[in-house]
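For reference, the structure discussed in these notes is given below.
Derivation of every value follows stated rules applied to the coordinates shown; laboratory data play no part. None of these values were measured; they are calculated from a predicted model.
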Amino acid sequence: MRKIIHAISKFFVNIGIKAWIMTLMQIIFLPFIIFFLYKGNIRLAGALILIGAMFDLFDGEVARISNTVSKKGALLDSTVDRLFEGGIVIG
C-alpha cells in the first residue's frame with residue numbers, strides 16, 4: 001500500500017500539485033459535506049468525505065517527495081483534519 005501511495009503522490013508532484021493545495025481542498029469540501037449531511041444526502045456527502053480523505057492521505061507524502069515539509073504545514077494539516085472531523089460530526 002505504501003508503494004502505491006508513494007507512486008500516486010509522485011504523480012501529483014510531477015504535475016505540479018503542492019501539498020498545501022491538497023490540504024486546502026479539504027477545507028473547500030467541508031461546507032458542502034456539512035450541507036449535504038444536513039439535507040440528508042448521505043451518498044453525496046459520503047463521496048465528498050472519501051475524496052477529502054484521499055487528499056489527506058496524499059498531502060503528507062507529496063510534501064515529503066517535494067521537500068516542502070514544514071512545521072507550519074504539519075500544523076495546517078492537523079488543524080484541517082480536526083475541522084474536517086468536526087464538520088462531519090456537526091453535519
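Using the rule -39500 (n - 2.57) for each DSSP H run of four or more residues, divided by the residues of the chain, the 222 nm mean residue ellipticity is -29000 deg cm²/dmol. One chain, two ends: Arg64 and Phe35. Fully extended at 0.36 nm per residue, the span grows by 7.1 nm beyond their Cα-Cα distance.
With contacts taken as Cα pairs under 8 Å and at least 6 residues apart, the chain reaches a relative contact order of 43 percent.
Treat the chain as a sphere of radius equal to its Kirkwood radius over Cα pairs and apply Stokes-Einstein at 37 °C in a medium of 0.692 mPa s; give the translational diffusion coefficient in µm²/s, rounded to a whole number. Intermediate values should be presented prior to the final figure.
On the way: Rh = 13.5 Å.
The estimated diffusion coefficient comes to 243 µm²/s.
The length gained on full extension between Leu44 and Val89, counted as 0.36 nm times the residue separation minus their Cα-Cα distance, comes to 14.6 nm.
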